[in-house]
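**Q** Input: one structure, supplied below.
No lab work stands behind these numbers, since they all come straight from the coordinates. Note that this is a predicted model, so its numbers are computed, not measured. Every residue, glycine as well, gets a Cβ built from its backbone with ideal geometry; the counts of neighbours run over all protein chains shown.
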Amino acid sequence: MIQRAVYPGSFDPITNGHIYIAERAASIFDELVVGVLENRSKTCTFNIDERQAMNREALSHLPNVRVKSFEGLLVDFMRAEQCRVIIRGLRALSDFEYEFQLALMNRQLAPEIETFFIVTDAKYSYLSSRSIKEVFHFGGSIQDMVPPGVYRRLRERFPPKTIKGPQ
Ligand code: PNS
């Protein structure tokens, strides 16, 4: 039987921290489905097509990874993918409360589904999609924090003239 896991998220945009979690999960499971949430009520910097394209580029070195978008409940996506394992990354204790709630809500909705947590590498513990966008916006260097395709798109979306300092 194929052991498949789903790694869901907003990925707005994917960071090197996300890639690290995907690499570790892909080394354990036969197949990893990266589920990109299409949330019409939440405003994302990048639309669903852009986020999927960035994820595909950034994860193209992992042959057992598939990137798919989903709408609605994660547990419905899990069932459609015939998958019982959710992968979530943990950076710090501050992530835990939110992740705990998410995992318990998903268990309430679908008791057969289990959430597995993968701890990030210490060097990514401060990274989040939101913080890299903020640092970039104010002219800080983020090249070591995101894959090249994300860096390129951030520069296209927020041209250097709108930011301070070298990029
Ligand atoms: O990267 P994120 O934004 O922390 O990921 C959160 C995500 C996408 C995993 C979560 O918001 C989610 O699963 N959304 C789908 C809706 C859902 O299933 N909600 C029920 C659990 S609260």
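**Q** Counting only helical runs of four or more DSSP H residues, what would the 222 nm mean residue ellipticity of the chain come to if each run contributes -39,500 (n - 2.57) and the total is spread over all its residues?
**A** Calculated mean residue ellipticity at 222 nm is -11500 deg cm²/dmol.
**Q** Same structure, new question: Looking at the calculated P(r) for region 4-157, what percent of the C-alpha pair distances fall above 28 Å?
**A** Considering region 4-157, 15 percent of its Cα-Cα pairs are separated by more than 28 Å.
**Q** Rounded to two decimals, what ratio of Rg to Rh does region 83-167 give with C-alpha atoms and a Kirkwood Rh?
**A** Ratio of gyration radius to Kirkwood radius: 1.12.
**Q** Mind checking the angle between helix 93-109 and the chain's longest principal axis? C-alpha axes, 0 to 90 degrees, to the nearest 10.
**A** On a 0 to 90 degree scale, this one is about 40.
**Q** Taking the Cα centre of region 93-146 as origin and charging only Cβ (+1 Lys, Arg; -1 Asp, Glu), how large is the dipole, in debye to the nearest 20?
**A** 180
**Q** Could you compute the net charge surrounding L32? Neighbours are other residues with a C-beta less than 14 Å from the C-beta of L32; K and R count +1, D and E count -1.
**A** Cβ neighbours under 14 Å give a net charge of +3.
**Q** Sort 135-143, 78-86 by packing, meaning the average of other beta carbons within 10 Å per residue, with the highest value first. Mind dumping the intermediate values first?
**A** Values: 135-143: 14.4, 78-86: 16.8.
Descending packing order for the listed peptides: 78-86, 135-143.
**Q** Could you list Y98, Y7, Y124 so that the one with the fewest beta carbons within 10 Å of its beta carbon is first and the one with the most is last?
**A** With the sparsest Cβ surroundings first, the list reads Y98, Y124, Y7.
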